[in-house]
Structures are given as C-alpha cells and as structure tokens.
Amino acid sequence: MRLTEFDPIKAVKGVGEVSAAAFQKIGVESVGDLLMHLPLRYDFFGPPGLLNRDAPGVTQAVEAKLTGTAQLRGTRRLPVLTVRATDGETNFTLTWFRMPYLKQKLRKGAEYVFRGRLVRNRYGLNLEQAAIYTAEEYEKLQSGLQPVYASVGAVSSGRIRKAILAAFDDIGELEEFLPPKIVSRYGLMDRLSALRGMHFPRTAESVIEARRRMVFEEFLLFILSVRSLEQESEEALNHFDFSKHGGMDKLFSSLPYELTKAQQRVHGEIQADLTSPKLMNRLVQGDVGSGKTILALLALARAADNGHQGALMAPTEVLAKQHYDGAVALFERYGLPYRVELVTGSMTAAEKKKAYQRIAAHEADIIIGTHALIQEKISYNDLALVITDEQHRFGVRQRENLSGKGSRPHILVMSATPIPRTMAIILYGDLDISVLDELPKNRIPIKNCVVGVQYRPKAYEFIQKQVREGHQAYVICPKVEADEETTGENVLDTCETLRQVLPPGITVEYLHGRMRPAQKNDIMERFAAGAIDVLVSTTVVEVGVDVPNATVMMIENAESFGLAQLHQLRGRVGRGSAQSYCIFVNTSGDPEKQERLDILNHSNDGFEIASEDLKMRGPGDVFGIRQSGVLSFRVGDVFTDSGVLQDAAEAAKELLPELAFHEALNGRVKKNRNERLSL
C-alpha cells in the first residue's frame, strides 16, 4: 500500500521508533510534515580544481593530497582538528571545529575532494569545515543542485534527506486542494511535482518554478484564513465608554520631549478609534525607534482613566519585564494612580495565583506580559484594550478567547517591520493601518560600514575600544554551531574566538534559540544590566530588549540576510545618547551582494531600505537570502515574492465567497488558521 501524506512519520521506510521520536521533536509527525520540511538552501557543486588564493570567504572545492598528520588541539569545549594539504601548486591547512572524529579518516598521503570556505589569517590559508568526498562521490553531486536542510537537535540534514528520499519512493497521490481554474490561470505546478522539484531539483529554474507553487499556496491559505475568520466575526460594536482622558492628558503634557508630528497624528487616530461606534482594529507600523511604546502607554492610560482594564502583550519575558518597569516608573514619576500587573510564564504557581486574583478583582488597571495573558486561568474584569505586536499576530481566534472573558476588546497591533503599504494591506487586510514615518529628533543616526572578512581583526579592536569606554556590543551569526552541511560563521565558535582575542576583563556570552527560555531570559537580563560586555547571538535578539548602552552591532555573513532583517537587527543599537555603529561583514566577496548591502550604508530609513530591497531582489535570491519572515512564513518571503503575494490576494478575493464549495481547500484553510492564528 502506497504512503499518503496523512500517514505517521514512522510509516516511512528506514524511520524506526527512535528516529520517529527525533522527528516528532522538531514538529515532523506525519509524511506530509516531512515533505513540507523544505530545504534551507541549495548547493551547486562545480568542478573541483586548484585553490583560488584570491577568494577568501568563498566556498571552494579543491582536489588535494594530505601532506601531514592530522593534529587535534584546542579545548574539550572547542576541539580543533588541523592537517596540512596541497593541490600541487598551493600548500594550505584544512581546519575543522568540533569534529575530532574525522581524524581517523585523515591519513597522510590520502587524496580527496575537500569543499569548504577559504579563510586567510596570520597563519596562512585555511580551508574551514570542509566536507570530504572521494572523486566518485563528488562527481555524482555535480549532476544538479543539492538540497541542504536545517539540522535540528539529533536530526541532521543527511538524515532528513534520506527520509525524504524514502518517502518519495513510496508516495502515492497528494491531495490537490487548489481549484483547477486557479492552478491553470496562474500557471502553477501540481502539488506533488512542486514538492518533488523542491527536494530534488535539476536546475535553478526548476526550483524557482516549484517554489512559486509552494509560496502561492502558503500565501493563499494565510489570506483566506484571515479573511474567512473576519467574515465569521460578528459586527464589532464599541460598548466601552472612553469619554474620560484626564490622566492620559496629564501624561501627554508632562512628557520631557515633544511627540513627533507622526506620533501626534497616529495618537489622534487611536484616540478617535477608542470613541468611535466600532471597536478599534488597528495596525501601527513604525520603524525601529519611531516611538510606538509611548503611544501604547497613552492608550492604556485612557483605558484606565475610564475604569477599564488594558493589556500589553510582548514577545519575550525580558521585554515584558522591561515594559512593566518602564510603565511603573513613568506613572510614578507623574503621580498617576494606575496599577500595573506583570504576568509571565516563568512565574511560580503561587505568584500567578495572586496576580490572577488581583486582575479578577480589578486591582490591576494595566496588565503587561507574554502570551500568558490569554491563558484560560486569567479572568479579566472589564478588559477594553489589548495591544500586541506582529510576533504575536493577534487574530480573531484570540479575540474570541478574550470575548469569553467579557466583551470583545479594542485591538492595537504594533509592527516594526518596514514593508510597503500595498503589501501591508494584503497581509493585515483586517486592520486599519497607521504609519509612523518619522523618527524622534534626539536620535543620533547610526554610523554604518560594509566590510570584507579581512576587516574582522580591526572590528574586534573597535569592539574592545567601545567596551573600554563603558559600552556594550552585539555580534550576530547566522548559525548556532559549525556543521558539515553549511558554511558561515556560527555563534559557539565566534564566542570562543572572541573570548580568546579580547582581554580577560571583557565578558563574552552567547545566546541562541535552542537554549531553554530561562537561560535566554537570564542572558538577556544580564546583558541589559551591563554584566555582559559582548553578546554573540543568532537573530533571536531581533525582538529583544532596549539596551541603551549597546553601541556596536557586528553582523557576520550579512549577505545571507535580507536588508529589512539587517535593518531590524541594526535597530538593537542607537537607543542611547552615545554614537552607535553597525558593521556588516560581507563574507562572499560578491560585488552584487556588496552593492545590495551598500544600501544600508546610505540610509537608516527602514521603509526606504525595504523599498530598495524589493527592487533589487529577484527569484534567484531564493538560493541564498531569507528574511526573518513577516508573520513567519515557512516558504514565502514578502519581499522576494511580492508578485506572488499579489496573485494570491487576487485569487483569495475570488475564492472567498465560494470557499464552502471547495471542500479540500476549505479544510486546509480551517487547519491553517487554527495553527497559524493561534499562539
């Protein structure tokens, strides 16, 4: 009997109980989940040749002979394996981090094809983290593009590739849930062919075509999910009295700075919404540092002025705590009697119980926290306003959850992702949109530079100088640790390097998404408190806390990120009174990528950067650049795939009135909205 996409993962040949458990830990529970575990990127294996000494930072395949005996050095935490080799013309060193097991394979005199990234340092030429192939093995890889999957935990890229190959060997038909008229009109591949093309591409063009189908499908399901939920919602009438605003006015007039014209305009739109016949359902889109938080506090103050409760939901516990501390300090400074409560997942059961009691008794006017704010044990007392951000896309499902605790509240969504208005209307079609297109006057523009890998020692010296002057620094890497599948800087090795390069008095720590929440919170709290000088991290700091003392942001492999995400990361600095700096390290040596990154050299305006990114990027970028993902799309990217997004929106408009008649599509939409629009 052939496999179906609904069969459990252990039905795949070669996936036993242990492997199935490992897959389940990364969210792959069914055959369909496995097929949708799409490649992170693709590798093209060109002919092996001589070492190109003039291309540091570039991945190369070199036919070489080992001329020395492999040496294992370093520490237990960071073992370093090295061996000398030659391609007949150039002598160089092969270096591997955290791969001591390769020593047995590296016999003097052996000949292999080594594929790794060339690095030039004070010791000479190094080919780092090279994959090792026999000539025959490498020749087979040259037949097409090779998929690379994100390794997670015990599930390596190789294991994923092997399971997917086995699944396709035994798969039957896949459910084609897009109506034939849509597939035909937009020239889409059928679903099975598209998935096969994503996993086993023969050419770059075939990947682009297969991916276009998967992106269209993802965008369409998302748009239909949002629109159908809106249709099911009852008319949202405003039953709250917001006529009083004395405390809010006092806060507004007492601020030690004047709001920008953009802030004043958006503040007026929010206040008008609160007193209109319908409930507010608004998105405030503002660049990093444009002053969204004070607008949120003013709105919460007005809710409290009228005896209502207001809630502010943050994406992380550390940020929630920072919002809480800031709100309490602000209200105390101006003698405002608002009672603020903090609710987070890490609180003890006893702490939560007391907090819930105060909220239920209306002994709290403003509640600040993480997704714990919508847990079923919380009972609000006249909740009238909920403010959240795009990281917690607050869909109708959550509004209904809160409706069960009382009347439906006003909704305000804050977004720092700079996307053009046309795309925002599609993605946030159920929300009115306000744009903060002006930065406060007291912001000192960040100084930027785009450099090659040869600048890295100078960058480390600059970081040391800034720390000596009492400041802090971020260093961002695209990967958590070194592996044989992908190239690029990683957090663990970079952290170890900085600990060795920087003086002992400078504290260097690391942060990444695989760490336990308590660990991440502890690191961010220590960094915010100034106990950590240099924080080496993945992009998890993109949504982080304000650390005004941080003045340097160094981003490794900057060419592997989208410009909008780089701008978001850059926004972690420049929040204090000191001059801040951002160093973008282009490790590719590619002039075109250098030209794209140079946009960041000339502008600190997120919306301008997003617009330029949109113009410069095309379908070919799917092989190397991935945005953080507005709304965290699995395949699609609203910048690279803006044209597909427009097509999907057009198709959704046609299909929505007749959705009930498309049984398969309707079922997928319901499944998608339950997964995507729930926290």
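Rule-based calculations on the coordinates, nothing more; no lab input. Keep in mind it's a predicted model, so treat the numbers as computed, not measured. Note: ideal-geometry Cβ built from the backbone for every residue, glycine included; neighbour counts use all protein chains shown.
Quick rundown of the values:
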{"quantity": "Listed candidates (1) 1.23; (2) 1.02; (3) 0.96 - label of the one calculated as Cα Rg over 2.2 N^0.38 Å", "calculated": "(2)"}
{"quantity": "Long-range amide H partners of G74 with built H, under 5 Å", "calculated": "V80"}
{"quantity": "The range 447-603 - Rg and Dmax from Cα coordinates, angstrom", "calculated": "14.5, 43"}
{"quantity": "Proximal lysines to K103, defined as alpha-carbon separation beneath 19 angstrom and excluding residues fewer than eight positions away on the same chain", "calculated": "K65"}
{"quantity": "Neighbourhood charge, 11 Å Cβ-Cβ cut-off, centred on L66 and excluding it, Lys, Arg +1 and Asp, Glu -1", "calculated": "+4"}
{"quantity": "Burial order of peptide ranges 408-418, 37-47 (average beta-carbon count within 10 Å, highest first)", "calculated": "408-418, 37-47"}
{"quantity": "Given charges at beta-carbon only (K, R positive; D, E negative), |dipole| of the range 447-603 in Debye", "calculated": "560 debye"}
{"quantity": "Likely footprinting exposure, C495, C477, fewest C-beta neighbours within 10 Å first", "calculated": "C495, C477"}
{"quantity": "Total formal charge among the other residues, if their Cβ is under 13 angstrom from that of F661, Lys/Arg +1 and Asp/Glu -1", "calculated": "-2"}
{"quantity": "Lys pairs, the range 246-436 - Cα-Cα below 27 angstrom, 8 or more residues apart or on other chains", "calculated": "21"}
{"quantity": "Antiparallel content of DSSP bridges confined to the chain, in %, to 5", "calculated": "40 percent"}
{"quantity": "Translational diffusion of the range 510-611, µm² s⁻¹ [Kirkwood Rh, Cα pairs; Stokes-Einstein; 10 °C; 1.306 mPa s]", "calculated": "109 µm²/s"}
{"quantity": "Kirkwood hydrodynamic radius (C-alpha pairs) into Stokes-Einstein, the range 403-459, 37 °C and 0.692 mPa s, D in µm²/s", "calculated": "202 µm²/s"}
{"quantity": "Mean Cβ count within 10 Å, highest first, over the residues of peptides 155-161, 71-77, 203-209", "calculated": "155-161, 203-209, 71-77"}
{"quantity": "Lysine pair number, Cα distance threshold 25 Å (strictly under), the range 447-603, separation 8 or more or different chains", "calculated": "7"}
{"quantity": "Proxy reagent accessibility, fewest Cβ within 10 Å first, across Y356, Y380, Y324", "calculated": "Y356, Y324, Y380"}
{"quantity": "Total charge dipole magnitude, the chain, about the Cα centre, Cβ charges on Lys, Arg, Asp, Glu only, Debye to nearest 20", "calculated": "1780 debye"}
{"quantity": "Furthest towards positive pole of dipole, L342, N121, A360, structure part the chain, Cβ charges", "calculated": "N121"}
